[in-house]
Amino acid sequence: MDAWEIITSKQYDAWFLEQTDEDKAVIRSKVYLLEEYGPHLGRPYADTLKGSKKLANLKELRAKTDANVFRVAYIFDSERKGLLLIGGDKKGKNQKKFYRNLISQAEQIYITYLKGKEK
């Protein structure tokens, strides 16, 4: 079976580069699972993000270390490519506020991505 194509936004790339080597390895391991299973990847590695008014199929990739609880917002586009939009560490944060911010950022990044594809 072919792997699913996973691409990244520049916002995700900037966030990812800020992580420690250990955290990058843990996050990357979940991205490898997403490449293997695509939109069929489920809990505990991925879940649907609830609360987006613009994107019905927005999901989160879930990664955890001793120090962090990472969430990466992603979506599969009309060409069935997975797009990693933005990541964040929700450990120690207000959950509602964290998700509201993550979803808002993800929506904006995806809208910009779609506009770029129209050209």
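The values are calculated or read from the model by the stated rules, or taken from the named source; none is laboratory data. All values reported here derive from a predicted model rather than from experimental measurement. In this analysis, Cβ positions are derived from the backbone assuming ideal geometry, glycine residues included, and neighbour counts consider all displayed protein chains.
Here is how the numbers come out for the structure above:
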item	result
Index of the failed condition, K30 passing every other in (1) at pLDDT below 95; (2) crowded, with 16+ Cβ neighbours inside 10 Å; (3) basic (K, R)	(1)
Of the criteria (1) in contact (Cβ under 8 Å) with a residue 40 or more places away in the chain; (2) surrounded by 13 or more Cβ atoms within 10 Å (Cβ to Cβ); (3) not in a strand (DSSP E or B); (4) not hydrophobic (A, V, I, L, M, F, W, C), which one S104 fails	(1)
Of all residues in region 1-52 being of a type in the set (F, W, Y) and part of a loop (DSSP other than H, G, I, E, B), the one that is nearest to G88 (Cα to Cα)	Y45
Complete set of residues in region 33-64 that are under 22 Å from Y110 (Cβ atoms) and either touching a His at 6+ places or on another chain (Cβ under 7 Å) or surrounded by fewer than 11 Cβ atoms within 10 Å (Cβ to Cβ) (or both)	H40, K50, K53, A56
E60 vs. criteria of a type in the set (D, E, K, R), within 21 Å of Y113 (Cβ to Cβ), part of a helix (DSSP H, G or I) and at pLDDT 95 or above	no
Among the candidates K30, K53, K81, residue that is in contact with an Asp or Glu (Cβ under 9 Å, 6 or more places away or on another chain) and either of a type in the set (S, T, N, Q) or more than 16 Å from I103 (Cα to Cα) (or both)	K81
Positions within region 65-78 being touching a strand residue (DSSP E or B) at 6+ places or on another chain (Cβ under 8 Å), surrounded by fewer than 16 Cβ atoms within 10 Å (Cβ to Cβ) and not aliphatic (A, V, I, L, M), in sequence order	D77
